[in-house]
Structure formats: structure tokens, C-alpha cells
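J.: Here you go, one structure.
The values are calculated or read from the model by the stated rules, or taken from the named source; none is laboratory data. The structure presented is a predicted model; accordingly, all values stated were derived computationally and were not measured. Here the Cβ positions follow ideal geometry from the backbone for every residue, glycine too, while neighbour counts run over all protein chains shown.
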Amino acid sequence: MTKKSIVESAKERILVLDGAMGTMLQRHKLEEEDFKGEIFIKHHKLLKGNNDLLAITRPKIVEGVHDAYFEVGCDIATTNSFSGTTIAQADYELEDYIDEINFAAAQCARKSADRFTEKTPDQPRYVAGALGPTNRTASMSPDVNDPGMRLVTFENLRKAYKQQAIGLIKGGVDVLLVETVFDTLNCKAALFAINEVKIETKTDIPVMVSGTITDASGRTLSGQTPTAFWTSIKHANLFSVGLNCSLGADEMIPHIQELSGVSTCGISAHPNAGLPNEFGLYDQTPEEMQNAIKPFLEKGYINIIGGCCGTTPEHLEEIVNIAAKYKPRQFNGN
């Protein structure tokens, strides 16, 4: 039986994207030797905390995280490649391993997704290749005394995202997810790079974009409202647009409502498990998060729902259970 495309599935039912990777990896209490493994044992920089590297050095742990989310009914696994660019990996001096990092991250998710699709062919599982925002911004200066200063250029970003996208596609992802976008210019570089890859490889892979609202102003870090954000990227023939991170579901609702009102493609939302406490931890219980997410579903804003920081399989199980009771938003996306 031919597997339905992720776009077809999102038009038929609300799809559930997985939860936090970092939260789950922290449960393993991994040490420096876990991150270095045998391959990087002689690397001169400390690598603890470089989660993307675990797809190479501890792939079973990463695969196990994907399994845990699929086990509770999630439809989409997000690859462990949030920092899988030359720009982000420069902090660890691992720019030469970008191809391996992204291919390995995609393979960990692909193996897990295929196993669960075989178990439940009526519920195909998908892999979203995650392209994070990097730790640089193309729109703003890091120095208030030098407004023209930039630590990265559009061309730097284009090259980095192109290499990452190629590695993820080779690893077998079903869709590319440009996520946690705080600077729309960074995002536009990613979309430009992805379009280049599509043309060169003759691969019409669907693309999701998920921005992040940074504070109560309802704007991205680079100053855009949800409507302005959509206007800046709507030319890219997207499968979906949405928001993730920074906010809990309660705080995210008005911004998703705004996006749903202007967007012609699918809508995604994967909020945090509430807002962090004074220790930076997330206290929202799975049941509380389910209740907080309910308005997204009742009002018909959503095609894809999931979790970001602080969420676990327990949170996602509650989201799966409630998402099954509602119909998806109608959209025209490819």
C-alpha cells in the first residue's frame, strides 16, 4: 500500500508532531564520553551539550526518543538536527561533519517512523527534517554601538542551510521544517536554499515554517507580527506555517488565530509546556497542557499540533487523545 503524503494526511485529520528532544535526552544524564563516542574521542573541544552529535555517537538513544513519541500516537518525528549547520557547529569546531550529522539524524527518525508505519499502516508516520535558526541573526547587530554590524550574511546562511537540507533529504525525511524562526531574514535564506535544492535534485519536498514570538508584544525578535511574518514568506509555496517555542498554549492562541486568518496553507503550533518557572523548568502537567491546547482545536485553527520545550511523551499522549476528536483546518497547500 502506498503511503499517503503528509499533505494529504494533514487535510484529512489533525496530525500530531512530537515533543521536546532535549527534555528527553536530559533523562539519560549523558556525559562527555557519550557525546564524543569513539569517533570524536580525540576532539580537542568539549562536546557535552551538542545534542545533534548524539545521532552519530549514541543513535539508539535518539531513536529511542522517536520511538517514545510514536508509541503514544504521534504522527511526525522531528529530527535531532536543530543545530546541524556549519554556523551553529562552529562553536564546537565540527563544521566538517555537517553531512554526517544531518544524515544520521534523519536516519534515526526514519528507522523509527518506518517501524511504526509497518505496525499501523492506516496511520503512516512521517519525518520532519529540522532546520534551526542558528545562533546568528542576519537582521540585527549584536552591538548597540554599531548598528550596521553583522556576524552572519545571507550568503553564509544560504550555504549552511543548503548543506543541511541536502543531508536531511539524503537521510530520508518527508518534509523540511524551518523552525523557531526569530529572524525572518534567516528564514528567507533557508527557504532560498531549499528551493535551490529542490531545483537541483528535482525533489518537490514539502516545507513547513514555524516562527517564534519572543515576548508579550506579539512579535518575532526581528520585529514582525504574525501577519507580517506570513507576508514575508508566503511566496515560498509552503505546506504549513505556524509558531513554536517561547510561549505556552494559552499565550500562543491569539497569534495562531491571526496566522490562521491570513494564511492559505496549513497551520501548525507546538507550544511549550507552559511558561518556565524561576528555575527555567516547565511545570505544566500533561492534563493542563491538553486543556490549554483545546481552544486551538475547537476553533478550527490547526492542521498540525505538537509540543516544544518541556514536553514529554506523557504530554503528547494527552494531545493525541484530544486532537483525534476534532477536524483539521481546511487549506489549499501543496
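J.: Taking interchain pairs and intrachain pairs at least six residues apart, which have beta carbon atoms under 6 angstrom, with the first residue in region 67-91 and at positive phi and the second surrounded by fewer than 24 Cβ atoms within 10 Å (Cβ to Cβ)?
T.: Close Cβ pairs (under 6 Å, with a partner that is surrounded by fewer than 24 Cβ atoms within 10 Å (Cβ to Cβ)) amount to Gly73/Val320.
J.: Within the group Ala109, Ala138, Ala113, Ala105, which residue is of a type in the set (Gly, Ala, Ser), part of a loop (DSSP other than H, G, I, E, B) and touching a residue at least 24 places away in the same chain (Cβ under 8 Å)?
T.: Residue meeting the stated conditions: Ala138.
J.: Within region 144-158, count every residue that is surrounded by 11 or more Cβ atoms within 10 Å (Cβ to Cβ) and part of a loop (DSSP other than H, G, I, E, B).
T.: So the count comes out to 5.
J.: Something else: Asn50 - would you say it is farther than 24 Å from Phe116 by Cα, under 18 Å from the mean Cα position of the chain (by Cα) and modelled with pLDDT of 95 or more?
T.: yes
J.: Buried (at least 20 other Cβ atoms within 10 Å of the Cβ), of a type outside the set (Phe, Trp, Tyr) and either assigned to a loop (DSSP other than H, G, I, E, B) or touching a Gly at 6+ places or on another chain (Cβ under 7 Å) (or both), is that true of Ser268?
T.: In short, yes.
J.: Scan Ile302, Ile293, Ile253 and give me the residue that is in contact (Cβ under 8 Å) with a residue 40 or more places away in the chain, in a loop (DSSP other than H, G, I, E, B) and aliphatic (A, V, I, L, M).
T.: Ile302
J.: Could you please give the count of residues in region 96-153 that are over 20 Å from His66 (Cβ atoms) and touching an Asp or Glu at 6+ places or on another chain (Cβ under 8 Å)?
T.: Within region 96-153, residues that are over 20 Å from His66 (Cβ atoms) and touching an Asp or Glu at 6+ places or on another chain (Cβ under 8 Å) number 7.
J.: Please tell me if Glu251 is out of contact with any helix residue (DSSP H, G or I) (no Cβ under 9 Å at 6 or more places or on another chain), surrounded by 15 or more Cβ atoms within 10 Å (Cβ to Cβ) and acidic (Asp, Glu).
T.: For Glu251, the condition - out of contact with any helix residue (DSSP H, G or I) (no Cβ under 9 Å at 6 or more places or on another chain), surrounded by 15 or more Cβ atoms within 10 Å (Cβ to Cβ) and acidic (Asp, Glu) - is met.
J.: I'm trying to understand the selection: among the residues of region 208-227, which are out of contact with any Lys or Arg (no Cβ under 9 Å at 6 or more places or on another chain) and part of a loop (DSSP other than H, G, I, E, B)?
T.: Across region 208-227, the qualifying residues are Thr212, Thr214, Asp215, Ala216, Ser217, Gly218, Arg219, Thr220, Leu221, Ser222, Gly223, Gln224.
J.: Further question: Answer yes or no: is there a residue in region 211-218 that is under 17 Å from the mean Cα position of the chain (by Cα) and hydroxyl-bearing (Ser, Thr, Tyr).
T.: yes
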